[in-house]
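The values are calculated or read from the model by the stated rules, or taken from the named source; none is laboratory data. These numbers come from a predicted model, not from an experiment. For neighbour counting, all protein chains shown are included, and Cβ atoms are generated from backbone atoms with ideal geometry for every residue, glycine included.
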Amino acid sequence: MIIAGEASGDLHGANLVREMRSLDNGLSFYGIGGKRMEQEGVELLATSADMAVVGLTEVVAKLGFILGVRRRLKESMRISPPDLLVLIDYPDFNMPLAQAARKNGIKVFYYISPQIWAWRKGRRHRLGRTVDRMAVILPFEEDVYRDVDLDVRFVGHPLLDVVKTHGTKEEASHRFGLRSGTTTVAILPGSRENEVVTLLPEMLGAATIVQGQIPDCQFIIPLADTLNRESLSGYTDRCPLDITIIDHDTYDALACADIAMVASGTATLETALLEVPMIVAYRVSPLSYLLGRLFVDIDHIGLVNIIAGKTVAPEFIQGAVKAADMAAEVLGMLTDTTRYREIKEELKRVKEKLGKPGAAKRAATMAMGLLQG
């Protein structure tokens with residue numbers, strides 16, 4: 001059984017399944033994931049698109065459905081226990097499943113640790129009681145578990161194997177119908193509908209201001225797999241800009257950009273690995289944010305800044321998500337060549353901290369050790 005409740009988890013889950021099958025092609029998988037895991041032959045009981053939400057209060061609307069799915073999975077583990085439970089991040093859903101698996105004598109492999117370094121650090125002891133082995137993907141996470149009786153290993157970041165481009169920037173620009181030699185701004189409003197609603201209008205407003213200062217600037221939206229063009233059209237159709245929406249080619253599209261406006265999350269690392277300077281935006285409901293601030297103990301919200309240990313990508317959070325302010329930061333980076341060059345150097349250093357390619361292969365070896373042990 002493998003559980004990936006978010007779009008990024010679907011990507012990493014698919015790669016893990018592929019690597020595990022390369023070690024034993026007799027394995028079968030079922031659980032929760034998305035299109036990529038389904039393409040790898042995982043039998044889906046629910047999709048990650050159905051399960052994914054951002055914010056503590058936003059989950060309420062889907063709570064009944066989510067709890068129903070978890071009850072089905074627990075019942076499945078009791079009636080027909082799998083040989084291994086593989087959990088990918090998504091802690092509030094997955095940690096009770098780990099506990100249920102332990103009660104049923106099922107071994108548990110956790111791939112991609114919950115972000116206990118950011119909030120609710122005491123969860124590491126609960127994980128130590130319910131998880132057999134854990135693969136972590138951020139360089140500082142091994143130390144977080146030093147006082148816990150749990151086999152934890154840093155395997156490197158799986159995006160190092162995933163974020164790749166095909167051909168040159170010029171070739172990609174030609175393929176997408178973009179003008180060469182022109183400032184290109186990428187807009188990444190997130191992978192969930194509620195992120196689009198809260199972030200895209202301000203991002204488009206910022207883009208309009210940027211074009212006012214750089215008239216020949218062009219804009220692209222690399223579309224997340226969990227979204228469709230219709231989910232954006234209500235915003236882009238009202239926007240005076242000519243925006244190119246690019247499907248199923250995020251990395252080549254991003255590589256065409258000189259700068260990006262990015263929703264906080266995995267996309268900030270993807271953008272960093274392509275060495276594209278960016279600003280980061282994050283907005284949830286006021287209550288979600290208030291509750292989060294009571295528990296979260298980190299200086300930054302963007303993963304790229306957390307790994308760097310400083311502000312490489314300026315962050316715009318909650319009420320600070322304003323078109324004029326974001327546009328000013330974008331223009332500032334584009335026009336200050338020294339600063340722009342320094343940011344690109346910092347992004348290279350972030351990439352170096354993430355380890356070496358092969359994370360999914362190393363994680364697969366850890367998981368197979370549990371199956372065969």
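Of note:
- When the range 118-153 is filtered for residues that are crowded, with 18+ Cβ neighbours inside 10 Å and within 20 Å of Lys351 (Cβ to Cβ), the ones remaining, listed by number, are Ala135, Val136, Ile137, Leu138, Glu141.
- Looking only at the range 154-175, residues that are among the aromatic types (Phe, Trp, Tyr) and surrounded by fewer than 17 Cβ atoms within 10 Å (Cβ to Cβ) come to 0 in all.
- Residues that are under 14 Å from Ser285 (Cα atoms) and in contact with a strand residue (DSSP E or B) (Cβ under 8 Å, 6 or more places away or on another chain), drawn from the range 188-216: Glu195, Leu199
- Taking every residue in the range 253-281 that is without any contact (Cβ under 8 Å) to a residue 24 or more places away in the chain and farther than 15 Å from Val312 by Cα and pairing it with any residue that is assigned to a loop (DSSP other than H, G, I, E, B) and basic (Lys, Arg), at least 6 positions away or on another chain, yields no pair with a Cβ-Cβ distance below 9 Å.
- Answer residue from the range 28-53, given it is in contact (Cβ under 8 Å) with a residue 60 or more places away in the chain and aliphatic (A, V, I, L, M) and is surrounded by the fewest Cβ atoms within 10 Å (Cβ to Cβ) among those: Ala49
- Residues that are in contact (Cβ under 8 Å) with a residue 24 or more places away in the chain, in contact with a Phe, Trp or Tyr (Cβ under 9 Å, 6 or more places away or on another chain) and within 21 Å of Pro277 (Cα to Cα) do occur in the range 177-184, at least one of them.
- Filtered residue count, the range 221-242, keeping only those that are surrounded by 12 or more Cβ atoms within 10 Å (Cβ to Cβ), over 12 Å from Phe176 (Cβ atoms) and either touching a Phe, Trp or Tyr at 6+ places or on another chain (Cβ under 8 Å) or among the β-branched types (Val, Ile, Thr) (or both): 3
- Subset of the range 340-361 (residues that are crowded, with 18+ Cβ neighbours inside 10 Å, touching a residue at least 40 places away in the same chain (Cβ under 8 Å) and part of a helix (DSSP H, G or I)): Ile343, Leu347, Val350, Lys351, Ala359, Ala360, Lys361
- Top-ranked residue of the range 167-197 - restricted to ones that are at pLDDT 95 or above, among the β-branched types (Val, Ile, Thr) and within 19 Å of Glu270 (Cα to Cα), ranked as farthest from the chain's Cα centre (by Cα): Thr184
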